[in-house]
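Following: one structure in structure tokens, then a few remarks.
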Amino acid sequence: MNPDNTNVLAETTQSAALPWYALRLFTYRPYAVRDYLEDKGLHTFIPESYRDYEDKDGRHRRKPEPVVNNLLFVEGTVDDKTFRTIIQQCTFPVSVLRKNKESQAYALISASEMHEFQLACNSNLPIVDLMPLADCRLKAGDPVVVHHGPLKGFTGRLVRMSKKYYLLKETDHFGLLMKVSRWCCQKKI
């Protein structure tokens, strides 16, 4: 995770009431789009992971790269009209995700969901695997809330695999398994 994302994590806890926009990028330059939006005073987040590679001198290096090449999140610190103007003036081809095809309203991500997503993208967390949604539904587990540790506040299902416990967080398209101690979890009522 790059240092810019840690600043976003700290700011998210302070401004927990602000929703986020999701932008679809039609360029292979997500960092240029991020820089443009940050120059306009907006806070952004790009989900990243580190990739190990060997440079031309044979040394091992790590560099952050986007997990999804065409996705960028922007905090809703300005009203929709101002945001629409900023997006229209952008020289890069981007579109803001909408609620549905017929609607002109933007799809907003709540601050709590975005904060959870940013924590899940933290490269220091022991994320085990992404799994297809069909496989997630086959796993039995109790709905829980994590009350201690780095995943504090996360909700999901507590599942057991290979004699270890994992928090299963499901989205619309996939499931995310994160290693967790069962003693840190409390059954959701």
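Can you pull out every residue in segment 139-153 that is crowded, with 16+ Cβ neighbours inside 10 Å and in contact with a Cys (Cβ under 6 Å, 6 or more places away or on another chain)?
Once the filter is applied, which keeps residues that are crowded, with 16+ Cβ neighbours inside 10 Å and in contact with a Cys (Cβ under 6 Å, 6 or more places away or on another chain), segment 139-153 yields VAL144, VAL146.
Under 6 Å between Cβ atoms, at least 6 apart or on separate chains: pull out the pairs that start in segment 39-66 with a residue that is free of Cβ contacts under 8 Å to residues at least 12 places away in the same chain and end on any residue that is open to solvent by less than 90 Å² (accessible area, probe 1.4 Å).
Cβ pairs passing all conditions: ARG61/TYR53; ARG61/ASP55.
Among the listed residues LEU108, LEU72, identify the single one that is open to solvent by 50 Å² or more (accessible area, probe 1.4 Å), within 30 Å of GLY149 (Cβ to Cβ) and not charged (D, E, K, R).
Of the residues listed, the single one that is open to solvent by 50 Å² or more (accessible area, probe 1.4 Å), within 30 Å of GLY149 (Cβ to Cβ) and not charged (D, E, K, R) is LEU108.
The values are calculated or read from the model by the stated rules, or taken from the named source; none is laboratory data. What you are looking at is a predicted structure, and each value in this text was computed from that prediction instead of being measured. Positions of Cβ are generated from backbone atoms using ideal geometry, with glycine treated the same way; all protein chains shown enter the neighbour counts. Surface accessibility is based on the protein's heavy atoms, side chains included, excluding ligands, DNA and RNA. Shrake-Rupley method; radii C 1.70, N 1.55, O 1.52, S 1.80 Å.
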